[in-house]
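I'd like to ask you about the structure that follows.
The values are calculated or read from the model by the stated rules, or taken from the named source; none is laboratory data. Just so it is clear, the structure is predicted and the values come from calculations on it, not from any experiment. Heads up, the Cβs are rebuilt from the backbone with ideal geometry, glycines too, and the neighbour counts pull from every protein chain shown. Heads up: the accessible areas ignore ligands, DNA and RNA and are worked out on the full protein's heavy atoms, side chains in. Shrake-Rupley method; radii C 1.70, N 1.55, O 1.52, S 1.80 Å.
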Amino acid sequence: MPATIHPIDSERRARHVDDLDHGDHGNGRRPPTDKRTGGGGDNDNWSDRPRGARGPGEKLKRYRLGVFFALAGDLMFFVAIVSAFFVSQASGRFDAYNNFVNQWLPTTIPPVLWLNTALLILSSVTAEIARRKMFHTFDAMEEWFGLGRPTSRRAMPWLAATVALGVAFLAGQWLAWYQLSLQHVFFRSNPSSHFFFLITGVHGVHLILGVAALITALAGLHYAKQVEDRQILVDCSVWYWHSMGLFWIFLFLLLAFFQ
Amino acid sequence: MALSPIALELGSSPWSPSSTLSTILSQTLSRILLWDLPKDAAAHGSALDRHLLLNLWIALGLLVIAHLVLFAGLLLRRRASAPGPRRAWLLEYLPLTLLALLFAALTVRAERLWAVARYTGADPAALQVEVTGVQFAWYFRYPGQDAAFGRTDPRHVAPGEGNPLGIDPSDPRGKDDLLSSQLVLPANREVDLRLNAQDVIHGFFVPELRLKQNAVPGQTIHVHFTPTTPGTYAILCSQLCGMGHYRMQANLRVLPPTEFASWLAAKEKAAAQ
Amino acid sequence: MTPELNPEPSRATASDSVLRQPASWHRRYLFSTDHHVIGIQYLLLALVAVAIGTTLSLLMRLHLVWPDAVLPLHGPILPEDYLSLVTFHGTLMVFFVLTTAPQSGFGNLILPRQIGARHMAFPRLNAASFWISAVALATLLAATFAPSGGSISGWTAYPPLSAIASSGPGQALGMDLWLASIALFSVASTLSAINTIVTVLDCRCKGMSWERLPLTVWGWFTAALLSLIAFSVLLAALLLLFCDRHAGTSFFVPAGDLTNGVLHPAGNGSPLLWLHLFWFFGHPEVYIAILPGMGLTSMLLANFSRRRVYGYRVMILTTLLIGFLGILVWGHHMFVAGLNPFASTAFSISTMAIALPSTAKVLNWLALVWRSRPSYKTPLLFTLGFVSLFLTGGLTGPILAQPILDQYLHNTFFVIAHFHLIMAMAGVFGLFAATYYWFPILSGTRIRPGRLLSEPLGRLHFWGTLIGAYATFLPMHLTGLAGEPRHYAQLTAIPGQAGHLLAQTLPLQRHITYAAVFLALAQLPFFLNLLRSLRHGAIAPPNPWDATTLEWHPALQREPSAQASPSEETIVVYRAPCAYDSAPDQARFLPQWVSGTKAE
Ligand code: HEA
Ligand code: HEA
Ligand code: CUA
Ligand SMILES: [Cu+2]
């Protein structure tokens, strides 16, 4: 027989204070600067609140978690490709004349990559500034009180700058490909070039997605109704952007010095 | 009995459940008792078989024990409380350690045999034979007098002109190479096989030699063994290599040394003219 | 089948604006973001896949015994047809049945409930992953209509066979579609893995600390972590293979490779690279398929024998250990593939090591049911079947894990027997147990109460399947030991000694085929049961099995009969699951959600 429930009174009260299931989906009526999140099965009293109402940090925390695990998977993706890089670099074969040949002709990277890398690092800085602006306590409070949108206003230009730099990076990468093609180095040319184009290409696709995310965030600064949502949009796309920058630095070192 | 119509319509011998069932049972039983391995014809075979049978019996034993424990546990009178932490040792950690030791012992034994078989190369006196897998045939090449294989090059491959391996005509070492469609080996002499594949991965599998090794394109893999019992055995392809995979087979003929010598001589004479 | 949601929004099950369901039926059922609906969608997907996969397996069996039988619409089965059958059978079963149903299907249906959450962390992402999987399945099935037929290179798709279009029929467009399908599936699995992980990390209700998580949740969580790692690597490998096929690269195809007159001029390509990448995915994949079943087994054995799970901590630990070691053993699929012999030894040892946590689990289960006199409901029967099949199939694992023995057994039917017992049958038994156990939740809607599956039919289904499973797959050990290789389109009319060797296995082959047909027929009671019970099954009480886990919490029930409506109940957990008071009268037990020390 099913055991009947005796809901604890504290929960009852908690529910009537603010119950998300009754239409409020926002920041749990708490300032967006509140760091406490509750949840996660720990027994702090914030967990008495229904899901989604455990303070503004909660939604943000969840989306961050999502992005981080997505990035963990993505890391494995690149790890796989890089390990293939080393395998292919090391493996040669015995040709018809029974001497060991390794067709790996190191691809000398076009100098423009250095510039691109600098641009990308710079873009990470601007992105981080934009992110910080979104969480600037005082502004966030003001915005939350409904006195204009200071955080968004301040973050906007930095975010735009990031997008510009990102696009510049992509253009630079394309330029690098172009320069190589002038030297008749193509994707199919030799094992090393396979990897050069593959790695830059795959990373480029990730960056295109990143730019898309940043643009979404920019749009979000306009259209998203809640401070919290605007924060999430910027925060997550920026974290993604940082990681892509970090990945690139490793990939760049790989391509530049480990050919 | 629901099945007999299918059997009939598919034109097999009419099938009566009772009769086949009994034959199946008897067959299965006999098979289980002697585990149905092909007879072994290689020096390392008997050791391998002993280890394999040991493993199989142990597995069967554990299987039975485990199920007995399961059924006993289900049938015996219910004890109110689950086994307490004290008996946890008896029920879990003790058997676990025992099984761990068992698995460890088996591993050590197995790795010993593996080391003997694979860690070291063949001794220089071993008979050199090259095996090449091609969709869907095996080719065997003997180095001939000069004990050296002529170089091969895919551009020279021409099965039509009897050069399926693409032996380079300009290479003197290749002149006396002997090509065969069946693997003929002398008994009791170590053999050093070098495995190649021309197109896709193939699997060189000789059940009677208890030997299996993939032939990988772009890579030469050596295996060595000593056939002991003369006879004719099957060479199968054990790695999916395309639609003809199932018929990619050849014969292995293990001959007494004298007969092998004469076979080789005949072969060389044939190649000479 | 699909849930009716509460008309008035204020009492919608979901507490997020995303989840407020508009009235239109396609938003409600088709593109729903409700984890319950998505779970059922996944299960339906798996059912379609398993129906096709089973049919294919039967065709394979028939062809092996009667090679020249003629199919009504298709004509005779050619060798390449047989290989396509094997390839699609394996692909469907591994990816679209045993990865989809336990992890995504029941994962979505049950996991949020068991942690007291009302929805997954990212509902829209969840729906997206389902629809990507659906497209993946469609793509896979489309491959069979490719001009030269579906791909023939097996579910492991070893290059160069899979990399060169000329290497065989079906390796052109058919292979491309196969690649596309699996790539889509990898993306979908990665996304749903992220969703599962974050849900478990972030959506547990109050008091649901890690030690109190049901073992099923631990299973799903570990499997999700594995998916995240494994499928990302598979995706990379698929990308490289695609480049080899269409961009003229040479990652896997060596220079000088001559396939059907097509010469591959240059490059450092190495087929072994694919084997490493694929099996780095492939082995974790098979544990992804079984981990949820292992968790379920522990929970159900405890539930039906009214006992605490024996050594709860140990079970959590072994689950994580299996997950961790599962990443380190992929080489055991490559002992004779050209791997360095020393590496083989290393992988052999790590593989032997991974057998131990599994052994610990088996021992745990045996100890759990020891002298417990459980109540023999159908879910329990299938759970016991799981234990039996798992250890029967598992015991051949350590044998295969010894390189010297694998050099005889590799790619023989011995391997087929191994993984059909431990993966196919044990995994499917897990699915059956789950279906019988959770059918009330599966079938419950707001307007219709949940129902139970019929016990007699269930028992019939169980015995038929158990007998069929053993009768089909045990003899495969013998044909394998006799030397029968895998992927052989035909065992008769083969010249040379090989012909004799293979012909010997024919009597046993015939038996296996009959048993396989029997096994497939034994599934009819199941489907009959499903259809019948949806409308006419006995109405399930709120907590039909007197279980302790949260999916039976009244607030999460969909029946009107539930005391509290979902919106009005905050769920709090007070204790670890399986607190079955071991007093003789089995009514007295403490669900996780009940405060105090005694329930009335
Ligand atoms: C989940 C995995 C799975 C399952 C269930 C099966 C089921 C079966 N397989 Fe499977 N098989 C594989 C996975 C599986 N197989 C793989 C991976 C390969 C290798 C492919 C390759 O080499 O590329 C293979 C290969 C393979 C071969 C080897 C072919 C060859 O190499 O020559 C054979 C031959 O007999 C075979 C036979 C069968 C048979 C008779 C069944 C019968 O058991 C069929 C009966 C079906 C059932 C009993 C399942 C019913 C289940 C349900 C109805 C559950 C539905 C419930 C929900 C979804 C909630 N299979
Ligand atoms: C669910 C899927 C699953 C699971 C869980 C396992 C579990 C294991 N597998 Fe299996 N395996 C597959 C699915 C699975 N496998 C598949 C699909 C393939 C083929 C792929 C292909 O080529 O297509 C394969 C192939 C495969 C190979 C390669 C064979 C070859 O191709 O040559 C090897 C080799 O080491 C191996 C080993 C193991 C081991 C050691 C375990 C261990 O984890 C087993 C642990 C369990 C036990 C050891 C039993 C415990 C019980 C007892 C010990 C009883 C004791 C109790 C008492 C006595 C009271 N497996
Ligand atoms: Cu060659 Cu299979
Ligand atoms: Cu494995």
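Over region B:127-272, what is the mean sequence separation of C-alpha contacts under 8 Å (at least six apart), divided by residue count, expressed as relative contact order in percent?
Relative contact order for region B:127-272 comes out at 26 percent.
Could you tell me which chymotrypsin sites (Phe, Trp or Tyr not before Pro) in region C:329-382 are loop residues by DSSP with no more than 16 other beta carbons within 10 angstrom of their beta carbon?
Working: sites: C:Trp330, C:Phe335, C:Phe342, C:Phe347, C:Trp365, C:Trp370, C:Tyr376, C:Phe382; in loops: C:Phe335, C:Trp370, C:Tyr376.
Answer by residue number: C:Tyr376.
Still on this model: How high is the relative contact order of chain C, in percent, counting Cα pairs under 8 Å that sit 6 or more residues apart? Display every interim value, and only then the final one.
Values: 1042 pairs, mean separation 91.2, N = 600.
Worked out over chain C, it gives 15 percent.
Pop the C-beta distance of A:Ala171 and C:Ile349 into the FRET formula with R0 = 51 Å and round what comes out to the nearest 0.05. Provide the component values of the computation, followed by the final result.
Working: r = 52 Å, r/R0 = 1.01.
For R0 = 51 Å, the calculated efficiency reads 0.50.
Follow-up question, since we're still on this one. Given +1 on the Cβ of Lys and Arg, -1 on the Cβ of Asp and Glu, and no further charges, what dipole in debye does chain C carry about its Cα centre, rounded to the nearest 20?
On the way: 32 positive and 24 negative charges, 329 e Å.
Charge dipole of chain C: 1580 debye, to the nearest 20.
Rg and Dmax of region B:127-272, using alpha carbons, in Å: what are they?
That works out to 14.5, 40 Å for Rg and Dmax.
Which whole number gives the average, over all residues in C:430-441, of C-beta atoms from other chains lying within 10 Å of the residue C-beta? Display every interim value, and only then the final one.
Details: counts 0, 0, 0, 0, 0, 0, 0, 0, 0, 0, 0, 0.
Mean inter-chain Cβ contacts per residue within 10 Å come to 0.
Follow-up question, since we're still on this one. I'd like the distance separating the alpha-carbon centroids of region A:183-259 and region B:200-272, in whole Å.
52 Å
Take the solvent-accessible surface of the protein heavy atoms, probe 1.4 Å, and return the percent of it on region C:23-590 that carbon and sulfur atoms account for. Please list the in-between numbers first.
On the way: 10780 of 15090 Å².
Ligands and nucleic acids excluded, carbon and sulfur give 71 percent.
Also, I was wondering about something else. Does a label point 7 Å from the Cα of B:Arg79, set along Cα-to-beta-carbon, have any residues of region B:95-112 with amide nitrogen under 20 Å, and which are they?
From region B:95-112, the list is B:95-98.
How large is log10 I(q)/I(0) at q = 0.06, 0.09, 0.12 Å⁻¹ when the Debye formula is applied to the Cα atoms of chain C, each weighted equally and without solvent?
Taken in order of the listed q values, log10 I(q)/I(0) reads -0.31, -0.71, -1.25.
Can you pull the percent of region B:45-119's accessible area that's carbon plus sulfur, 1.4 Å probe, other chains left in place?
On the way: 3220 of 4150 Å².
Percent of accessible area from carbon and sulfur atoms in region B:45-119: 78.
Between the helical axis of C:271-304 and the dominant principal axis of chain C, each derived from Cα atoms, what acute angle in degrees is found, rounded to the nearest 10?
For helix C:271-304, the angle is close to 30 degrees.
Ok, one more. Quick one: compute the contact order of region C:172-289, relative version, from alpha carbon pairs under 8 angstrom and 6+ residues apart, as a percent. Numbers along the way, then the final one.
Working: 114 pairs, mean separation 30.3, N = 118.
Result for region C:172-289 is 26 percent.
Next question. In whole Å, what are the Cα extents of the protein assembly as shown along the three principal axes, biggest one first?
The principal-axis extents, from largest down, are 103, 79, 59 Å.
Moving on to the next point. Evaluate Rg over Rh across region C:116-222, taking Cα atoms for both radii and Kirkwood's formula for Rh.
So for region C:116-222, dividing Rg by the Kirkwood Rh gives 1.19.
Still on this structure, please answer the following. In Å² (nearest 100), what accessible area is buried between C and A, both sides summed, heavy protein atoms only, 1.4 Å probe?
On the way: alone 23490 and 14460 Å², together 33030 Å².
When C and A are taken together, about 4900 Å² of accessible area is lost.
In what order, largest first, do A:Lys61, B:Lys269 sit by accessible area if the probe radius is 1.4 Å?
Working: A:Lys61 70, B:Lys269 130 Å².
Correct descending sequence by accessible area is B:Lys269, A:Lys61.
Rounded to the nearest 500, what is chain C's calculated 222 nm mean residue ellipticity when only DSSP H runs of at least 4 contribute -39500 (n - 2.57) each, over all residues?
Details: 17 runs with 331 residues, N = 600.
Using -39500 (n - 2.57) per qualifying helix, the result is -19000 deg cm²/dmol.
If one takes the accessible area of chain B alone plus chain C alone and subtracts that of the pair, with a 1.4 Å probe, what total in Å², rounded to the nearest 100, results? Numbers along the way, then the final one.
Working: alone 16960 and 23490 Å², together 31590 Å².
For B against C, buried area totals roughly 8900 Å².
Considering only Cα-Cα distances, which of the following residue pairs are longer than 24 Å: A:Lys61/A:Lys225; A:Lys61/A:Lys133; A:Lys59/A:Lys133; A:Lys61/C:Lys361?
On the way: A:Lys61/A:Lys225 19 Å; A:Lys61/A:Lys133 18 Å; A:Lys59/A:Lys133 19 Å; A:Lys61/C:Lys361 35 Å.
In this structure, A:Lys61/C:Lys361 lie more than 24 Å apart at Cα.
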